[in-house]
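The values are calculated or read from the model by the stated rules, or taken from the named source; none is laboratory data. All figures in this text were calculated on a predicted structure; none of them were measured in a lab. Glycine gets a Cβ as well: all are built from the backbone with ideal geometry, and neighbour counts include every protein chain shown.
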Amino acid sequence: MNPTVLIVDDDPALLEALPEALRLRMADLAVETCDSAPDAVARIAVEDYDAIVTDIKMPGMDGLALLDEIQKLRPETPTILITGHGEHDLAVQALRRGAYDYIQKPIDRDYFTASLSRAIEKRGLARRIELQRLELERHSHVLEHVGDGVFVVDRDGVVQFWNLAAEQITGIGLEEAVGKRADELLGGWEDVSASIPVAGPGRPKRHLARMLPFEIDGRELWLSLLGVDVADATVYSFQDRTDERVLDKLRDDFVATASHELRTPLAAIYGAAKTLRRRDALDDEGVEHLMGIISSESERLARVVEDILFASHLDSGRPRFAAAPVDVRALVSDVIESMQLQLENGVTLRVEAPPNGLPDVAADPIRLRRVLLNLLENAIKYSPEGGPVVLRVAPGDNRRLRLQVRDEGLGIPRGEQERIFEKFYRADPQLARGVGGTGLGLYICRELVQRMGGEIQVESEPGKGSTFTVELPVPAALATR
């Protein structure tokens, strides 16, 4: 559609000459003329012109008064005022009141044409922006209710739209998001936004969303993002992939942990077996030593496999718990006897318990035994320089029984004390302190204790050891011993 301009002047000669001059320079331009401001106001009320040109001095309503009416009716329409020689103050007033430009008589037609072209271009741009805004408004109702998060970022990096799903995924409300820079809203945006696939003119048509990390209110969120360019903005859609990322990390941790924990005993077994084949170089003592290596490393291998399988069963909810009254004193005595063979490096093991008054607990005796064995094995393993390991049993508060395993070993940094109960998490993943393991022992302990209705927690200080506390409920119906 060709642009249309309205020229307002009370001089008939100018109304005839100026349109002709414009048509010679702007062939596609449509020009309408009007000889009075009130008539012009009536036309402007019904016609949205691309630009308006008016003389500043006219009888009755002058050009400044007409400019005020244009600002009320069509504030986006650029207005150029024609002024006479010596009317500089009027021109300044016009610019302050919203005029786009002013042209002095006698009119420099090249300058006038250039100014009018810029004004028409400005109005066209404003119209396109308005159309895009209306388009966004039309689609906003739909976008508000889609499952994906959707937000719009303009060319200045400011968020202009933020749907309900975006709020639910990120926890950032609409009022907080709109009008704020994206790099202030989404931690890490400045570093990763350039790598988000964006469709649009001149870009490849097919894109796969990319999963990227963002920090929001101290949380790390992994979002799968894809964008599309529209004029003066980019529309982004995203999905929360944080849980998938956690699962991917668990898988990677499992592969790394399992490969290390399986490779070490397998290498020892393989080496011992290879050496045993050279019987001519071994005496009976040497054979016995190598057979001991094969036996102990096979047991270690079996424990690794058992931990992995049992953790998998816990995740699936398959293990059944046979709750029964458990004589804790007898169970502790059995566990301590089993652990005596594993003491090494000067580690000592003792029990602290009242001589009487210990209640039975309603628990699965096999699972509870496994919890205590895991905690004691960890205490011994994390005491490489020896020292006492204490298993303390005492009545707790609110009809609970408290079992504590305390060591004076390496200890656990405060920042890791919550994470040590996560699956595959190891406090010494690089084996810098010479302590290995699958990272499943404490995870299994937590799951078993919670499923028996209890709680487990840790208190620790690096270099001073750790205390693991398990509390189990004591049903009122069970008698006190």
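Listed conditions (1) assigned to a loop (DSSP other than H, G, I, E, B); (2) under 43 Å from the mean Cα position of the chain (by Cα); (3) in contact (Cβ under 8 Å) with a residue 40 or more places away in the chain are all met by Arg320, apart from (3). Taking the listed residues Val159, Val146, the one that is at pLDDT 90 or above and under 20 Å from the mean Cα position of the chain (by Cα) is Val159, with no other qualifying. Applying the set (1) surrounded by fewer than 17 Cβ atoms within 10 Å (Cβ to Cβ); (2) touching a helix residue (DSSP H, G or I) at 6+ places or on another chain (Cβ under 9 Å); (3) closer than 25 Å to Leu262 by Cβ to Arg370 leaves exactly one unmet item: (1). Go through region 75-95 and give me each residue that's of a type outside the set (Ser, Thr, Tyr), closer than 22 Å to Leu125 by Cα and out of contact with any Gly (no Cβ under 6 Å at 6 or more places or on another chain). Scanning region 75-95 gives Pro75, Glu76, Pro78, Ile80, Leu95.
Of the residues in region 226-267, how many are closer than 30 Å to Glu299 by Cα and at pLDDT 85 or above? Of the residues in region 226-267, 2 are closer than 30 Å to Glu299 by Cα and at pLDDT 85 or above. Considering only residues in region 11-20 that are crowded, with 16+ Cβ neighbours inside 10 Å and in contact (Cβ under 8 Å) with a residue 24 or more places away in the chain, the one that is nearest to the chain's Cα centre (by Cα) turns out to be Leu18. The set of residues in region 339-363 that are surrounded by 13 or more Cβ atoms within 10 Å (Cβ to Cβ) and under 26 Å from Gln450 (Cα atoms) comprises Met339, Val351, Ala353, Leu358, Pro359, Asp360, Val361, Ala362, Ala363. Inspection of region 380-393 finds a residue satisfying the criterion of being of a type outside the set (S, T, N, Q), surrounded by 13 or more Cβ atoms within 10 Å (Cβ to Cβ), in contact (Cβ under 8 Å) with a residue 12 or more places away in the chain and over 21 Å from Glu461 (Cβ atoms). For first residues located in region 457-473 and surrounded by 16 or more Cβ atoms within 10 Å (Cβ to Cβ), partners that are outside any strand (DSSP E or B) and acidic (Asp, Glu) and lie 6+ apart or on another chain with Cβ distances below 7 Å form the pairs Gly465/Glu408.
Which of the strands (runs of 3 or more DSSP E) found entirely inside region 355-410 contain at least 3 residues meeting this: of a type in the set (Lys, Arg)? It would help to see each step written out before you state the result.
On the way: elements: 361-363, 387-395, 400-407.
In region 355-410, the matching strands (runs of 3 or more DSSP E) lie at 400-407.
The residues in region 216-249 that are farther than 22 Å from Ala199 by Cβ and either assigned to a loop (DSSP other than H, G, I, E, B) or of a type in the set (S, T, N, Q) (or both) can be counted, and the count is 3. Among the residues of region 323-341, those that are without any contact (Cβ under 8 Å) to a residue 60 or more places away in the chain and not hydroxyl-bearing (Ser, Thr, Tyr) comprise Ala324, Val326, Ala330, Leu331, Asp334, Val335, Ile336, Glu337, Met339, Gln340, Leu341.
Name the residues in region 341-360 that are among the aliphatic types (A, V, I, L, M) and over 20 Å from Thr467 (Cβ atoms), would you? Explain how you work it out, then say what you get.
Pass one, region 341-360, residues among the aliphatic types (A, V, I, L, M): 341, 343, 347, 349, 351, 353, 358.
Matches in region 341-360: Leu341 only.
Selection over region 194-219 of residues that are surrounded by 13 or more Cβ atoms within 10 Å (Cβ to Cβ), modelled with pLDDT of 80 or more and not hydrophobic (A, V, I, L, M, F, W, C) gives a count of 3.
Among the criteria (1) assigned by TED's automatic domain parsing to the domain that holds Thr348; (2) at pLDDT below 85; (3) farther than 21 Å from Ala311 by Cβ, the one Val435 does not fulfil is (3).
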